[in-house]
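*Asks:* A single structure is presented below for examination.
The values are calculated or read from the model by the stated rules, or taken from the named source; none is laboratory data. Predicted model, so just to flag it, every value in this text is computed and none were measured. FYI the Cβ positions are ideal-geometry reconstructions off the backbone, even for glycines, and counts take in every protein chain you see.
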Amino acid sequence: MESVGRLNDPATTVLVERRESAFRGYFHIDRYVLRHALFGGGMMERPITRELLERGHAVAVLPYDPVRDVVVLIEQFRIGALAADMGPWLLEVVAGIIDEGETAEAVAVRETREESGCRVTMLEPVARWLSSPGCTSETVALFVGRVDAGAVSGVHGLPDEGEDIRPLVVSADAFLDLLAEGRLDNATILIAAQWLALHRARLRARWLAA
């Protein structure tokens, strides 16, 4: 595995010949014309064109109540699921975009309150990854957030952003059953469920002792 990442110095392995705006709307799309280093040595002789969706960076949170041993999931409409001929109301974890000057932790606390009504009292960082590196620069930073799920109810979200979000309290066992049965259909909730399956006992013991 010594060669893994050996080309990951863009200053010497990527030559961007041109970058231009291809679209400006709710999302931005930039077009790159570039050449990059080859595994066999040297650089590409001819440039390639790649279009990149720029939408900022995201934070996701799995709200977890260690006292009740439950998670708080949310359900909302997603245009991508509709276009993919899947049920357009997805079961998800809390998520939001980082605004300029914000920390990921601050976004985690804010979005959990806005989308589920829960107040986060502790955060456990899980991972940060590129959501779809073939077409976007977006990264997702995932946390598990300690909450009290006893008063979860109602519908949440920001109406001026067209949000209509229903929080659902689900036992941790039932959540992991959804994972085992293949009924979770987006990457972020899958990663959150897999992490909880591995670390739930340790995390619960630590938070209950805090």
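*Asks:* Test of understanding: among Arg24, Arg55, which residue is out of contact with any strand residue (DSSP E or B) (no Cβ under 8 Å at 6 or more places or on another chain) and of a type in the set (Lys, Arg)? Don't jump to the end; show me each part of the working.
*Replies:* Details: Arg55 fails: out of contact with any strand residue (DSSP E or B) (no Cβ under 8 Å at 6 or more places or on another chain).
None of the others qualify; the one that does is Arg24.
*Asks:* Test Glu105 against the stated conditions and say whether it is within 23 Å of Arg200 (Cα to Cα) and surrounded by fewer than 18 Cβ atoms within 10 Å (Cβ to Cβ).
*Replies:* Numbers: within 23 Å of Arg200 (Cα to Cα): yes; surrounded by fewer than 18 Cβ atoms within 10 Å (Cβ to Cβ): yes.
So Glu105 fits the description; yes.
*Asks:* Just to be sure, is Ser116 loosely packed, with under 14 Cβ neighbours inside 10 Å and polar (S, T, N, Q)?
*Replies:* On the way: loosely packed, with under 14 Cβ neighbours inside 10 Å: no; polar (S, T, N, Q): yes.
Taking the combined requirement at face value, the residue does not satisfy it.
*Asks:* In addition: List the pairs whose first member sits in the range 41-61 and is at positive phi, whose second member is assigned to a loop (DSSP other than H, G, I, E, B), and whose Cβ atoms are under 7 Å apart, counting only residues at least 6 apart or on separate chains?
*Replies:* Listed pairs, sorted by first residue: Gly56/Ile98; Gly56/Glu138.
*Asks:* Related question: Out of the residues in the range 186-204 that are among the polar types (S, T, N, Q) and part of a helix (DSSP H, G or I), state the one that is surrounded by the most Cβ atoms within 10 Å (Cβ to Cβ).
*Replies:* In the first step, residues of the range 186-204 are kept if they are among the polar types (S, T, N, Q); the result is 186, 188, 194.
Now restrict to residues that are part of a helix (DSSP H, G or I): 188, 194.
On the way: Thr188: 20, Gln194: 14.
Of everything passing the filter in the range 186-204, Thr188 is surrounded by the most Cβ atoms within 10 Å (Cβ to Cβ).
*Asks:* Confirm whether Leu179 is surrounded by 12 or more Cβ atoms within 10 Å (Cβ to Cβ), assigned by TED's automatic domain parsing to the domain that holds Arg110 and not in a strand (DSSP E or B). Please lay out each step first, then the result.
*Replies:* On the way: surrounded by 12 or more Cβ atoms within 10 Å (Cβ to Cβ): yes; assigned by TED's automatic domain parsing to the domain that holds Arg110: yes; not in a strand (DSSP E or B): yes.
Against the criterion (surrounded by 12 or more Cβ atoms within 10 Å (Cβ to Cβ), assigned by TED's automatic domain parsing to the domain that holds Arg110 and not in a strand (DSSP E or B)), Leu179 qualifies.
*Asks:* Now for a different question. Answer with yes or no whether Thr49 is more than 29 Å from Ala193 (Cβ to Cβ) and assigned to a helix (DSSP H, G or I). Walk me through it before giving the result.
*Replies:* Numbers: more than 29 Å from Ala193 (Cβ to Cβ): yes; assigned to a helix (DSSP H, G or I): no.
Criteria not met by Thr49.
*Asks:* Also, I was wondering about something else. If Leu82 meets every condition in (1) surrounded by 10 or more Cβ atoms within 10 Å (Cβ to Cβ); (2) at pLDDT below 95 apart from one, which number is that one?
*Replies:* (2)
This table checks each residue for (1) closer than 18 Å to Thr139 by Cα; (2) surrounded by 19 or more Cβ atoms within 10 Å (Cβ to Cβ).
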{"position": "Glu75", "(1), (2)": "no, no"}
{"position": "Glu92", "(1), (2)": "yes, yes"}
{"position": "Ala95", "(1), (2)": "yes, yes"}
{"position": "Glu100", "(1), (2)": "yes, no"}
{"position": "Thr112", "(1), (2)": "no, yes"}
{"position": "Met122", "(1), (2)": "no, no"}
{"position": "Pro125", "(1), (2)": "yes, no"}
